[in-house]
1. Test of understanding: among I117, I141, which residue is surrounded by 20 or more Cβ atoms within 10 Å (Cβ to Cβ) and either assigned to a helix (DSSP H, G or I) or not hydroxyl-bearing (S, T, Y) (or both)?
2. Which count do you get for residues in region 79-102 that are without any contact (Cβ under 8 Å) to a residue 60 or more places away in the chain and loosely packed, with under 15 Cβ neighbours inside 10 Å?
3. Mind checking which residues of region 1-25 are surrounded by 15 or more Cβ atoms within 10 Å (Cβ to Cβ), part of a strand (DSSP E or B) and not hydrophobic (A, V, I, L, M, F, W, C)?
4. Do we have any residue at all in region 118-138 that's modelled with pLDDT of 95 or more and under 21 Å from Y66 (Cβ atoms)?
5. Could you grab me the full set of residues in region 144-160 that are buried (at least 17 other Cβ atoms within 10 Å of the Cβ) and more than 24 Å from R83 (Cα to Cα)?
6. Exactly one of these conditions fails for Y95: (1) in a helix (DSSP H, G or I); (2) over 26 Å from F9 (Cβ atoms); (3) not aliphatic (A, V, I, L, M). Give me its number.
Amino acid sequence: MNIEIRNQFDNKIIFCGEYESIKDCLEKNRNANLQYANLQDANLQGANLQGANLQGARLWGANLQYANLQDANLQGANLQEARLQYAKNYLNSHYFFAEIIRRQPLKTFVDKEWAIIGKIIIHELCWETIKNKFGNKALPIFKKLSEKGFGEWEKYYKEL
């Protein structure tokens, strides 16, 4: 199948060629710069996106279920309506965290938890800082996210 991945702003081709799927193309070009790529509605289920530069990429409606997001740069990526359940290795992505938080109803967290969440997102705090600054006060946030199917944060936080 002929695959073309284009920049969402200037429509220039980022990748073009014969691949089995968009997922196959991305996996075979893992170290490539996919900054601002238009991957809207792409089926990336189970894709190995480790280390991918997806900064500013349009992933609206993309299927990222079971995708490996370890060290993927998701800064500014549009994850709206993307299927994120069962994604893995998202532990250190502040942008993934922010998107999962954004999807939760306001009533999910109490005001003190929202204050912690805001500080984590705004200041992109590292794990050690979160643990030192908030201690067990942050744990309920990660427990609630575990209940929604995103358990990597709680597991790691408990091990710190």
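1. The match here is I141.
2. Adding up the residues that qualify gives 3.
3. R6, N7, listed by residue number.
4. no
5. Y157
6. (2)
The values are calculated or read from the model by the stated rules, or taken from the named source; none is laboratory data. Quantities reported herein were computed from a predicted structural model and do not represent experimental measurements. We place every Cβ from the backbone using ideal geometry, glycine too, and count neighbours over all the protein chains shown.
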